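What follows is one structure encoded as structure tokens, with my remarks underneath.
The values are calculated or read from the model by the stated rules, or taken from the named source; none is laboratory data. Because the structure is a prediction, the values reported are computed rather than measured. Here the Cβ is made from the backbone with ideal geometry for all residues, glycine too, and neighbour counts use every protein chain on show. Note: accessible area is taken over every heavy atom of the protein model, side chains too, but ligands, DNA and RNA are not part of it. Shrake-Rupley method; radii C 1.70, N 1.55, O 1.52, S 1.80 Å.
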Amino acid sequence: MIIIPDIHGRTFWKKAIEGHETEKIIFLGDYVDPYSDEGIDYGAGILSLRDVLLFKKEHPDNVVLLLGNHDLSYISSYLTKCRHDYENHDEIKTLFKENLPLFSIAHEEWVGNRRVVFSHAGILSDWLKENEMLLGQIKRGDEVRLLNEVFHQGHLYPILDDASLYRGGGKVAGSCVWADIHEFTDEFHELLSGCYQIFGHTQVTQPVITKRFACLDCRSAIFLNDRFEFMEMDQ
């Protein structure tokens, strides 16, 4: 499978998928809000989003689109607006709203004999427990199904903006679109059991691959094979 981390208007993903269009391709979210220091204007973010939506519609069965915190800030007023295209806010919001059924908050696949859970920023058990009043006690292995169900019912937005001290917030743990990589490496947070997690969100110069998770926000597409080997793809 091919994993596409945070795009933010970049085009690296287009070359990565050439000749691989029928493989499982998973986008980890954050399609819009380019970084100005990369020389990419906000208009490129809109074009990138349109191209991703078209690609999903052309390959509905094997392309997975996840949502990131930047994307969700256009959809719901609950989400903090970081770097944000206020000039084109309405156009971007319409694109997301009209195509919301094409997106998910989380996704899971079996790779070899491993259950792999994908999300934008990673799912922490502490965050799920902190929000049991909304989510209830989640049976192990049912996290992805429940999060997607509650999201598409429109009830998940208030807790998607949860951020810990690592991201300037005051919550016990960050949400699946706001958690920081340090929350997966410190000793204070509990990770999901029974799965391997793959996410983006925290910028890294190279993929961070551990025994429990992989953080891939490295501006490069990643190929994951059945032997569970991660390889950066030529751009």
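Quick look at the numbers
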item: Selected residue (criterion: least open to solvent (accessible area, probe 1.4 Å)) from residues of the range 101-115 that are outside any strand (DSSP E or B) and either more than 30 Å from Val208 (Cα to Cα) or touching a helix residue (DSSP H, G or I) at 6+ places or on another chain (Cβ under 7 Å) (or both); result: Ile105
item: Yes/no for Phe118 being open to solvent by less than 10 Å² (accessible area, probe 1.4 Å), in contact with a strand residue (DSSP E or B) (Cβ under 9 Å, 6 or more places away or on another chain), part of a strand (DSSP E or B) and not basic (Lys, Arg); result: yes
item: Which listed residue, of Ser164, Ser193, is among the polar types (S, T, N, Q) and farther than 25 Å from Ile75 by Cα; result: Ser193
item: Residue, farthest from Glu229 (Cα to Cα), within the range 162-218, restricted to residues that are in contact with a strand residue (DSSP E or B) (Cβ under 6 Å, 6 or more places away or on another chain) and of a type in the set (Gly, Ala, Ser); result: Ala173
item: Output for the range 121-146, where each listed residue is among the hydrophobic types (A, V, I, L, M, F, W, C), in a helix (DSSP H, G or I) and buried (at least 18 other Cβ atoms within 10 Å of the Cβ); result: Trp127, Leu128, Leu135, Val144
item: Strands (runs of 3 or more DSSP E) within the range 147-235 that include 1 or more residues among the β-branched types (Val, Ile, Thr) and either at negative phi or open to solvent by less than 50 Å² (accessible area, probe 1.4 Å) (or both); result: 196-199, 222-224
item: Candidate set: the range 26-59, residues that are within 17 Å of Cys218 (Cα to Cα) and of a type in the set (A, V, I, L, M, F, W, C); chosen: the one nearest to the chain's Cα centre (by Cα); result: Leu28
